[in-house]
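Engineer: This is the structure I have questions about; it appears just below.
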Amino acid sequence: MTTPPDRARVTKAVIPAAGLGTRFLPATKASPKEMLPVVDKPAIQYVVEEAVRAGLSDVLMVTGRNKRPLEDHFDRNVELETALEAKGDTARLAAVQHATDLATVHYVRQGDALGLGHAVLAAAQHVGDEPFAVLLGDDLIDDRDHLLEQMLDVQAREGGSVIALMEVPPESVSLYGCAAVEGSGDVVRITGLVEKPPVDQAPSNLAIIGRYVLSPAVFDVLRTIPRGRGGEYQLTDALQELIATEPVHGVVFRGRRYDTGDRLDYLKAVVQLAADREDLGPPLTAWLREWLGTRP
Ligand code: G1P
């Protein structure tokens, strides 16, 4: 007996990385926002590490113009490795090689940046007829939490698609895709989805955060949906259509998430992650306390 496609084991992660990063200009004029350092690693490396931790070592990045540094980061840099070796700097050599050995990273270019739905559709050929994960680079999940693993378990049990949700304050709902759900607890059935609704039209305060485990049926829907909010092809709109034919579950995440999508949240993420580090945390926290005491 063959396994139906929506029950096949998930092995592939898709990471859309074709955005223009306009919120960080001019930093992102010539280099991708995914390469902005969060402490001492580019943001995108956290996301690839998360996928690998969940067992997904086949990573497809959907990129666009200006994304060459991404490819270089996950490729070997022989000159640098030789220099570090000659200096006997084994710790940094290991850090450099870690990024290379982490995963098998593939790339596909999106051409025009026509929205998240359009980016995910660019992955169709690589993914084929299997469920797959989508990880958005603006959301970082703490490595002590296991959101993606939990989503993969739900997908294996229920089939269909699984979306990560998080409770947000009502005034923030319009920044996210928003879900109508049935049930309570950590795993819910999603009955409706709407992309960035005005607060008075939001079906709940459960926001989509950037983790999805999707059935390959989403590709057929993405091929037919019209442009949605902002004139873009929205993944949320495709998933809303999918609800009519397949189960779509939500995993309500209550762990630690860091948003690197805008400047203030990015700064908070850097401070929070640095404060948790053994090497940087104690001196940073001590300095922050002292410095804040000197502020009016
Ligand atoms: C995208 C999705 C949105 C989701 C968000 C999570 O929006 O379209 O549904 O809530 O990611 O980060 P974006 O932030 O790319 O505008």
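The values are calculated or read from the model by the stated rules, or taken from the named source; none is laboratory data. Predicted model only: the values in this text are computed from it and were never measured. Because the Cβ atoms are built from the backbone with ideal geometry, glycine has one as well, and the counts that use them run over all protein chains shown. Ligands, DNA and RNA are excluded from the accessible area calculation, which covers all protein heavy atoms including side chains. Shrake-Rupley method; radii C 1.70, N 1.55, O 1.52, S 1.80 Å.
Engineer: Which lysines have a Cα lying under 20 Å from the Cα of Lys67, excluding residues fewer than 8 positions away in the same chain?
Structural biologist: Answer for Lys67, where 20 Å is the Cα cut-off: Lys29, Lys33, Lys41, listed by chain and number.
Engineer: I've got another one for you. What percent do you get for the relative contact order of the chain when only Cα pairs under 8 Å and 6+ apart count? Intermediate results must be reported in sequence, preceding the final value.
Structural biologist: Values: 544 pairs, mean separation 63.3, N = 296.
Here the relative contact order equals 21 percent.
Engineer: Just to confirm, what accessible area per residue do you get for region 1-80 at 1.4 Å probe, in whole Å²?
Structural biologist: Numbers: 4140 Å² over 80 residues.
About 52 Å² of surface per residue is accessible.
Engineer: A further question follows. Would you calculate the separation in nanometres between label points at Ala275 and Thr11, each defined as 7 Å from the Cα along the Cα-to-beta-carbon direction?
Structural biologist: Using points 7 Å along Cα→Cβ, the separation is 4.2 nm.
Engineer: Let me have the 222 nm mean residue ellipticity of the chain computed from DSSP H runs of 4+ only, each contributing -39500 (n - 2.57), with the sum over all residues rounded to the nearest 500.
Structural biologist: Numbers: 11 runs with 103 residues, N = 296.
Here the helix-only value at 222 nm equals -10000 deg cm²/dmol.
Engineer: Mind checking the per residue accessible area of region 90-213 for me, 1.4 Å probe, whole number of Å²? Spell out each step's value before the answer.
Structural biologist: Numbers: 5370 Å² over 124 residues.
I get 43 Å² per residue for this part.
Engineer: Taking the Cα centre of region 199-296 as origin, sum charge times position over the Cβ atoms of Lys and Arg (+1) and Asp and Glu (-1), and report the length of that vector in debye to the nearest 20.
Structural biologist: Working: 12 positive and 13 negative charges, 52 e Å.
Here the size comes out at about 260 debye.
Engineer: Return the long-range amide H neighbours of His106 (sequence gap of 5 or more, or a different chain), with a cut-off of under 5 Å between placed amide H atoms.
Structural biologist: HN-HN under 5 Å from His106: Val59, Leu60, Met61.
Engineer: For the chain, take the longest principal axis of its alpha carbons; what is the angle in degrees between that and the long axis of helix 43-53, to the nearest 10 within 0 to 90?
Structural biologist: 60
Engineer: Return the aspartates and glutamates within reach of Lys87: Cα separation strictly under 14 angstrom, same-chain partners fewer than 8 residues apart disregarded; answer none if there are no such residues.
Structural biologist: Within the straight-line limit of under 14 Å, Lys87 reaches these aspartates and glutamates: Glu79.
Engineer: Computing the accessible area with a 1.4 Å probe over protein heavy atoms, can you report the carbon and sulfur percentage for region 81-209?
Structural biologist: Numbers: 2920 of 5960 Å².
Looking at region 81-209 in its full context, I get 49 percent from C and S.
Engineer: Over region 158-243, calculate the relative contact order: mean separation of alpha carbon pairs under 8 Å at least 6 apart, over the residue count, as a percent. If you can, show how the numbers build up before the last one.
Structural biologist: Values: 144 pairs, mean separation 28.9, N = 86.
Normalised by residue count, the contact order of region 158-243 is 34 percent.
Engineer: Another question, if that's okay. Classify region 6-50: rounded, prolate or oblate, from the alpha-carbon gyration tensor (a ≥ b ≥ c, eigenvalue square roots; a/c under 1.5 rounded; otherwise prolate if a/b is larger than b/c)?
Structural biologist: Details: a/c = 4.56, a/b = 2.00, b/c = 2.29.
Taking the square roots of the gyration eigenvalues as a ≥ b ≥ c, region 6-50 is oblate.
Engineer: Please state, to two decimals, what the Cα-based radius of gyration of region 1-119 comes to when divided by 2.2 N^0.38 Å (N = residues). The partial results should precede the final answer.
Structural biologist: Working: Rg = 16.5 Å, N = 119, 2.2 N^0.38 = 13.5 Å.
Dividing the Cα Rg of region 1-119 by 2.2 N^0.38 Å gives 1.22.
Engineer: Run the numbers on region 5-118 and let me know its relative contact order in percent, using alpha-carbon pairs under 8 Å that are six or more apart.
Structural biologist: Details: 132 pairs, mean separation 37.1, N = 114.
About 33 percent, as a whole number.
Engineer: Give me P(r) over the chain, computed from all C-alpha to C-alpha distances, binned every 10 Å, as integer percentages.
Structural biologist: The distribution over the chain is 6, 26, 35, 22, 9, 2, 0, 0, given as percents.
Engineer: Connecting C-alpha atoms closer than 10 Å in a GNM of the chain, tell me which of Leu235, Leu284, Leu214 has the biggest fluctuation.
Structural biologist: Leu284
Engineer: Moving to a separate point now. Does region 178-251 come out rounded, prolate or oblate, given a ≥ b ≥ c as the square roots of the eigenvalues of its C-alpha gyration tensor, rounded meaning a/c under 1.5 and, failing that, prolate meaning a/b above b/c? Working shown, then result.
Structural biologist: Values: a/c = 1.99, a/b = 1.18, b/c = 1.69.
Verdict is oblate for region 178-251.
Engineer: Per residue of region 135-152, what does 6.51 cos²θ - 1.76 cosθ + 1.60 with θ = phi - 60° give for ³J(HN,Hα)? Whole Hz please, x for Gly and Pro, Karplus curve as stated.
Structural biologist: Ordered by residue, 3J(HN,Hα) equals 10, 8, x, 6, 9, 10, 10, 4, 6, 8, 9, 10, 4, 5, 4, 5, 5, 5 Hz.
Engineer: For Leu102 paired with Ser57, estimate the spin-label separation in nm (one decimal), with each label point 7 Å from Cα along the Cα-to-Cβ line.
Structural biologist: It works out to 1.5 nm between the two label points.
Engineer: Still on this structure: Charges at C-beta only: +1 for Lys and Arg, -1 for Asp and Glu. How large is the resulting dipole of the chain about its Cα centre, in Debye rounded to 20? Working shown, then result.
Structural biologist: On the way: 31 positive and 43 negative charges, 118 e Å.
Once rounded to the nearest 20, the dipole reads 560 debye.
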